[in-house]
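Data first, discussion second: the structure below is written as structure tokens.
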Amino acid sequence: MTARSDLSIGDLARATDTKVVTIRYYEKIGLLPAPPRTAANYRAFDGRHRDRLHFIRRCRDLGFTLDQVRELLSLSAQTDDECAAVDRIAVEHLAAIERKIGDLQRLAGELRRISRCCQGGRIGDCRIIEALSP
């Protein structure tokens, strides 16, 4: 690191537990602004990049789409605006999560039912494979 507290892409990756290729991708699609370059043409990230990448990672860990993350990042810069747009994104995401939970609960029930049918024996006679087959 230099006196300006610049972070190399590897330092940023370690600081945010993000793969270098992911950082490059986020930079390419505009989620992470392109950092200035050093005289040796290395990226020189700073604390703002680190904080933004932490925000992106937290959103992604919670299942927000890249488009939602982009919108949340844009909205987060408008600190004096009403938060209705943020609320809308959160409510839509919650609805999607609840749909997935329902799907997973139905899947769990079906797998429990199929597993109870298992009599042991050979794979050629397996009811689970049969139920999963088209």
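The values are calculated or read from the model by the stated rules, or taken from the named source; none is laboratory data. Quick caveat: nothing in here was measured; it's all calculated off a predicted structure. Every residue, glycine among them, receives a Cβ derived from its backbone with ideal geometry; neighbour counts consider all protein chains shown.
Only residues that are over 32 Å from the mean Cα position of the chain (by Cα), assigned to a helix (DSSP H, G or I) and exposed (fewer than 10 other Cβ atoms within 10 Å of the Cβ): list them for the stretch 110-134, please. ARG116, ILE123, GLY124 - these are the residues of the stretch 110-134 that are over 32 Å from the mean Cα position of the chain (by Cα), assigned to a helix (DSSP H, G or I) and exposed (fewer than 10 other Cβ atoms within 10 Å of the Cβ). Among residues of the stretch 55-72 being hydrophobic (A, V, I, L, M, F, W, C) and over 13 Å from ALA90 (Cα atoms), the one that is farthest from the chain's Cα centre (by Cα) is PHE55. Cβ separations smaller than 6 Å between residues 6+ apart or across chains give the following pairs from the stretch 5-28 residues that are in the same structural domain as PHE55 (by TED's automatic domain parsing) to residues that are part of a loop (DSSP other than H, G, I, E, B) and surrounded by 12 or more Cβ atoms within 10 Å (Cβ to Cβ): ASP6/ALA44; TYR26/LEU32.
Condition (residue is of a type in the set (A, V, I, L, M, F, W, C), under 16 Å from the mean Cα position of the chain (by Cα) and outside any loop (DSSP other than H, G, I, E, B)) applied to the stretch 32-54: is it met by at least one residue? So far as the stretch 32-54 goes, yes, one or more of its residues are of a type in the set (A, V, I, L, M, F, W, C), under 16 Å from the mean Cα position of the chain (by Cα) and outside any loop (DSSP other than H, G, I, E, B). Are any of the residues in the stretch 46-57 outside the structural domain of ARG24 (by TED's automatic domain parsing), charged (D, E, K, R) and closer than 30 Å to ASP11 by Cα? The answer is no, given that none of the residues of the stretch 46-57 is outside the structural domain of ARG24 (by TED's automatic domain parsing), charged (D, E, K, R) and closer than 30 Å to ASP11 by Cα. In this structure, is GLN78 under 25 Å from LYS28 (Cα atoms) and of a type in the set (S, T, N, Q)? For GLN78, the condition - under 25 Å from LYS28 (Cα atoms) and of a type in the set (S, T, N, Q) - is met.
Can you spot a residue in the stretch 87-109 that is among the small types (Gly, Ala, Ser), assigned by TED's automatic domain parsing to the domain that holds ILE129 and surrounded by 13 or more Cβ atoms within 10 Å (Cβ to Cβ)?
Taking every residue of the stretch 87-109 in turn, at least one turns out to be among the small types (Gly, Ala, Ser), assigned by TED's automatic domain parsing to the domain that holds ILE129 and surrounded by 13 or more Cβ atoms within 10 Å (Cβ to Cβ).
Is at least one residue of the stretch 73-82 over 21 Å from LEU12 (Cβ atoms), β-branched (Val, Ile, Thr) and over 14 Å from the mean Cα position of the chain (by Cα)? Yes. When ASP46, ASP87, ASP67, ASP80 are screened for being over 30 Å from ALA131 (Cα atoms) and in contact (Cβ under 8 Å) with a residue 12 or more places away in the chain, only ASP46 passes.
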